[in-house]
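Contents: one structure, followed by commentary.
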Amino acid sequence: MPSFLVETVARRYEAIVERGILDRAAAYIPERAGTAFVVTTADVWRLYGERVDRALGARKHEVLFFAGGEERKRLDEVERLAAEMAARGGERSSMVVAFGGGIVTDVGGFLASVFMRGIPVLQIPTTLLAQVDAGIGGKTGVNLREGKNLIGTFHQPAAVLIDPGVLSTLAAREYTAGLFEVLKHGVIRSPELFRLMAGQPEAVRARAPEAVDRMIAESVRIKAEVVSADEREGDLRRILNFGHTVGHALEAETDYTRFLHGEAVAFGMCAAAHLGRLAGVCNAATCQAILDAVALYGPLPPLDGIAAGNLAARLRGDKKTVHGKVHFVLPVEIGAVRIVSGLDETMVLEAIQAALA
Ligand code: GLY
């Protein structure tokens, strides 16, 4: 199974996609490391705790539970986890093992980046979304009521261990939410991946191992390549935010309770497709191909009661807004996107309304 090198100024590490790699986790904890603090959720630990315990074997490790949920991805939870770590012997030689979905990889990574001014983190993502996106690339963070991930750090992991086998126990809704991040990678950089998603929905939905392994490997290849070129999102990395500008607004508008991140991104990709068409960046066929591909993996949770104007207003508070200008990642054709700013607000509103319809 493939391994992809992520090369940043801060660190050079591997993202390894391999069935069964969970059982070899100890090999990725340096000999000199002290206690490994596994940050996880009760449901993940119930399914895989024994395997991880066995994999870590004689390496000293402690388990820290996080309740999970986007609404609990907050600073006070990080303080609680850090206090628990300190009480259980955490020190500079300790390491965090973030073992769970995207919320756990974000919170675990953030905890590692600030505990005693920074200790290493090993990322072991267990949801499709975290395996193809959140667990790779060093973005960590927590939410403010004002917006998603507004507090955070860049903290590159020691390695990312991706075991597609664990997806067999993933809840259907979580799996589908991850598919939308895979689709994102297809739209921004891989017509081949898009063809797989649009052309073989039965295999994708059924989690056929060949389809799953291809989706993950191609997504991780793209993510590793983009992060290596632009760790701090000064330029190229912004393309990974396709669908996220409006997606984050939707999550914040609904207090992080109605949509999984991937579902909100799916809605955001539809809005970006409409905006691409309205702004003349892509043709109607490209816009429709994106809408159709999203619909293949729907339906999304109902959008009733959500006002397009409220979402448009929230865009100004997003991290991607620079000097008051909202930056949008818009499709040019399948496999290529362009960053566009300074778009007319009426056009943006029209695109959001079209996506809500
Ligand atoms: N999830 C977008 C990024 O890692 O840049």
(Q) As an exercise: evaluate Ile239 against (1) over 30 Å from Leu356 (Cβ atoms); (2) at pLDDT 95 or above; (3) not hydroxyl-bearing (Ser, Thr, Tyr) and give the number of the one condition it does not meet. (A) (1)
(Q) Going through Ala55, Ala36 one at a time, which residue ends up being crowded, with 17+ Cβ neighbours inside 10 Å, without any contact (Cβ under 8 Å) to a residue 60 or more places away in the chain and closer than 27 Å to Ala67 by Cβ? (A) Ala55
Q: Test Gly276 against the stated conditions and say whether it is assigned to a helix (DSSP H, G or I), small (Gly, Ala, Ser), touching a residue at least 24 places away in the same chain (Cβ under 8 Å) and crowded, with 20+ Cβ neighbours inside 10 Å.
A: yes
Q) Among the helices (runs of 4 or more DSSP H) contained in the stretch 174-254, which hold 2 or more residues that are in contact with a strand residue (DSSP E or B) (Cβ under 8 Å, 6 or more places away or on another chain) and surrounded by 16 or more Cβ atoms within 10 Å (Cβ to Cβ)? A) 209-229, 244-253
(Q) Anything in the stretch 131-147 that is away from the ligand (no atom under 11 Å from the Cβ) and surrounded by fewer than 23 Cβ atoms within 10 Å (Cβ to Cβ)? List them, or say none. (A) Val142, Leu144, Arg145, Glu146, Gly147
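Got a number for residues in the stretch 255-273 being closer than 17 Å to Asp133 by Cα and in a loop (DSSP other than H, G, I, E, B)?
So the answer is 1.
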Q) Using beta carbons and a limit of 8 Å, which pairs, at least six apart or on different chains, have the first residue in the stretch 241-256 and closer than 11 Å to Ala271 by Cβ and the second one of a type in the set (Val, Ile, Thr) and away from the ligand (no atom under 16 Å from the Cβ)? A) Thr245/Val326; Val246/Ile352; Leu250/Ile306
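Do we have Lys184 as within 14 Å of the ligand (Cβ to nearest atom), under 16 Å from the mean Cα position of the chain (by Cα) and farther than 21 Å from Phe267 by Cβ here? Walk me through it before giving the result.
Working: within 14 Å of the ligand (Cβ to nearest atom): yes; under 16 Å from the mean Cα position of the chain (by Cα): yes; farther than 21 Å from Phe267 by Cβ: no.
The answer is no for Lys184.
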Q: Looking at (1) touching a Gly at 6+ places or on another chain (Cβ under 6 Å); (2) away from the ligand (no atom under 15 Å from the Cβ), find the lone condition where His155 falls short.
A: (2)
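The values are calculated or read from the model by the stated rules, or taken from the named source; none is laboratory data. The structure presented is a predicted model; accordingly, all values stated were derived computationally and were not measured. Here the Cβ is made from the backbone with ideal geometry for all residues, glycine too, and neighbour counts use every protein chain on show.
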